[in-house]
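Asker: Got a structure for you, written out below as structure tokens; questions coming shortly.
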Amino acid sequence: MLQFTDLNDILHVVHIRNVTHVQFRETQNNFVVSFHFIGGQYVVPATVNAETASFIAEKLGELS
């Protein structure tokens with residue numbers, strides 16, 4: 001499980017085994033991290049700061 005809080009103070013708990021891929025898109029001051037899930041067109045985007053984006057990337061790297 002991956003837990004993080006986005007810029008809207010929403011806690012996300014992502015079950016990584018159900019994720020097919022993750023996209024990181026840099027905006028002017030932040031990142032949009034999009035989690036794509038098994039089973040169809042399920043996508044959860046979250047806007048996070050650079051520190052949280054790095055944390056997510058690091059945790060995903062540990063799982064691979």
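The values are calculated or read from the model by the stated rules, or taken from the named source; none is laboratory data. Computed from a predicted model, the values in this text were never measured in an experiment. Note that each Cβ is placed from the backbone with ideal geometry, even for glycine, and that neighbours are counted across all protein chains shown.
Every residue, every condition in (1) at pLDDT 95 or above; (2) surrounded by fewer than 13 Cβ atoms within 10 Å (Cβ to Cβ); (3) on the phi > 0 side of the Ramachandran plot, yes or no:
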{"position": "His12", "(1), (2), (3)": "yes, no, no"}
{"position": "Val22", "(1), (2), (3)": "yes, no, no"}
{"position": "Thr27", "(1), (2), (3)": "yes, yes, no"}
{"position": "Phe35", "(1), (2), (3)": "yes, no, no"}
{"position": "Gln41", "(1), (2), (3)": "no, yes, no"}
{"position": "Ala53", "(1), (2), (3)": "yes, no, no"}
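Asker: Output the qualifying pairs, or none if there are none: Cβ atoms under 8 angstrom, residues six or more apart or on different chains, first residue in the stretch 7-36 and without any contact (Cβ under 8 Å) to a residue 60 or more places away in the chain, second residue in a loop (DSSP other than H, G, I, E, B) and of a type in the set (Ser, Thr, Tyr).
Answerer: Final answer for the pair search is His36/Tyr42.
Asker: Additional query: Considering only the stretch 37-50, state which residues are without any contact (Cβ under 8 Å) to a residue 40 or more places away in the chain and in contact with a His (Cβ under 8 Å, 6 or more places away or on another chain).
Answerer: Answer for the stretch 37-50, where residues must be without any contact (Cβ under 8 Å) to a residue 40 or more places away in the chain and in contact with a His (Cβ under 8 Å, 6 or more places away or on another chain): Tyr42, Val43, Val44.
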